[in-house]
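J.: Below are the structure tokens for one structure; questions will follow.
The values are calculated or read from the model by the stated rules, or taken from the named source; none is laboratory data. Predicted model only: the values in this text are computed from it and were never measured. Positions of Cβ are backbone-derived with ideal geometry, glycine not excepted, and every protein chain shown enters the neighbour counts. Ligands, DNA and RNA are excluded from the accessible area calculation, which covers all protein heavy atoms including side chains. Shrake-Rupley method; radii C 1.70, N 1.55, O 1.52, S 1.80 Å.
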Amino acid sequence: MLESFKTIISLIAYVSLGFTFMEVYLTLNKLWKRRHDRKVAESISITGKFIGFFTSSVFVLNFSFAYHWQGAINASFWAFAAVVQIFIGAGLWVVGQQKAGFWTLVKRALKLERKEAGDLAKSFFRPSQAYKVIEILSKVAMIDEVLDDSEKEFIQQFAELWDIHFDWEEFTKENGQHSPISFTELRNAMVEYLHTSPPTDQVSQLGDVLNMLVRIDGVVSEEEELVLEELMGLIKQYEDEDPSTVLYSIAIVPQSAEQEQAILQTMPTLRKSQVAGGHAFLIGPFHSQKYAQIVCNKYRMLRCFSVVVEMEDSLDLSQSTLPDHS
């Protein structure tokens, strides 16, 4: 019975490939007829299509290695669609641009896309929250202790749209190599922003902008990748897109009464909780295990026995602001 059901589903999957082909064809057909129109070309995100081509290609390979031919064919359709849209988006057929090289057109399209990224700000946040957003963006840009000109220009677009004067010289002086921005400081800034209860669609837009920001200089540092994973986890929790996602916390286990007293003097708001094998002080929640491990290592440096554990129940967002020992 089960084998018959699997066979039926497999056949339906092959039939569905026809619908996928039609969807790709109809989508490309509308664009192909208008490929000479500059506005149509400029409406296509080159960056987005490059990402789409990469992910689709990975799925093609993954499904092929697993002999899952329906998935491989389906992904190949979208990889092909991404390639066609990249050529159209680059303006290869736009009148007056045919003589320019393909990569010249791609660079030109990417430059235009970067300038237009600031348009998200037009419907972004209440004015009272605008400076907090600039603070978060600037700290993300400086988390690797390097402020690239493209990152600065990107953030400045938002500051100008919101009529905010942001002193970059003072910011880089206060957050330079002698006083670098900590992961905890940046995470707490995001939690403070979310505590103001901004609209969900605006929080989602902030996530889009953060993703653009860390990639705008063409290099995603280890620090940027790490902090982005944690910030996006906070955003997704706020949007409640995936309430079942795995969360992590740090369990601090005092080894003596004296050490327990010292922990409470340093962090008086901590409360003991029941964990497997006994009691511990729990700090969290965290959305990235790597991020939680870095914070855990900070407590180990204070000679506290600390481990990262998976949380059975997510804590309220109000418990997310953490003491900064970085």
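J.: Out of the stretch 34-46, which residues are open to solvent by 30 Å² or more (accessible area, probe 1.4 Å) and in contact with a Lys or Arg (Cβ under 6 Å, 6 or more places away or on another chain)?
T.: Those that are open to solvent by 30 Å² or more (accessible area, probe 1.4 Å) and in contact with a Lys or Arg (Cβ under 6 Å, 6 or more places away or on another chain): none in the stretch 34-46.
J.: Can I ask one more? Please specify each residue of the stretch 1-33 satisfying the condition of being surrounded by 12 or more Cβ atoms within 10 Å (Cβ to Cβ) and more than 25 Å from PHE63 (Cα to Cα).
T.: LEU31, TRP32
J.: Return a yes/no flag: does the stretch 289-307 have any residue that is modelled with pLDDT under 70, more than 20 Å from the chain's Cα centre (by Cα), of a type in the set (Gly, Ala, Ser) and assigned to a strand (DSSP E or B).
T.: no
J.: Could I ask something else about it? Report yes if ALA159 is part of a helix (DSSP H, G or I), over 23 Å from GLU229 (Cα atoms), open to solvent by less than 70 Å² (accessible area, probe 1.4 Å) and at pLDDT 85 or above, otherwise no.
T.: In short, yes.
J.: Quick check: anything in the stretch 254-272 open to solvent by less than 40 Å² (accessible area, probe 1.4 Å), of a type in the set (Ser, Thr, Tyr) and modelled with pLDDT under 75?
T.: So far as the stretch 254-272 goes, no, none of its residues is open to solvent by less than 40 Å² (accessible area, probe 1.4 Å), of a type in the set (Ser, Thr, Tyr) and modelled with pLDDT under 75.
J.: Here's another thing I want to ask about it. Take the stretch 168-185 and flag every residue that is part of a loop (DSSP other than H, G, I, E, B), free of Cβ contacts under 8 Å to residues at least 60 places away in the same chain and either open to solvent by less than 80 Å² (accessible area, probe 1.4 Å) or touching a Cys at 6+ places or on another chain (Cβ under 7 Å) (or both).
T.: ASN175, GLY176, SER179, PRO180, ILE181 - these are the residues of the stretch 168-185 that are part of a loop (DSSP other than H, G, I, E, B), free of Cβ contacts under 8 Å to residues at least 60 places away in the same chain and either open to solvent by less than 80 Å² (accessible area, probe 1.4 Å) or touching a Cys at 6+ places or on another chain (Cβ under 7 Å) (or both).
J.: Same structure, new question: Regarding the stretch 35-50, can at least one residue be identified that is outside the structural domain of GLU160 (by the TED database), more than 26 Å from the chain's Cα centre (by Cα), in a helix (DSSP H, G or I) and farther than 30 Å from LEU161 by Cα?
T.: no
J.: Right, another one. So in the stretch 186-243, with the set limited to residues that are within 13 Å of the chain's Cα centre (by Cα) and basic (Lys, Arg), which one is nearest to LEU147 (Cα to Cα)?
T.: Filtering first and then ranking leaves ARG215.
Yes/no per residue for (1) within 23 Å of VAL209 (Cα to Cα); (2) modelled with pLDDT of 90 or more; (3) open to solvent by less than 70 Å² (accessible area, probe 1.4 Å); (4) not aliphatic (A, V, I, L, M):
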| residue | (1), (2), (3), (4) |
| --- | --- |
| GLY48 | yes, no, yes, yes |
| PHE53 | yes, yes, no, yes |
| PHE59 | no, yes, no, yes |
| ASN62 | no, yes, no, yes |
| PHE65 | no, yes, no, yes |
| TRP69 | no, no, no, yes |
| ILE73 | no, yes, yes, no |
| SER76 | no, yes, yes, yes |
| VAL83 | no, yes, yes, no |
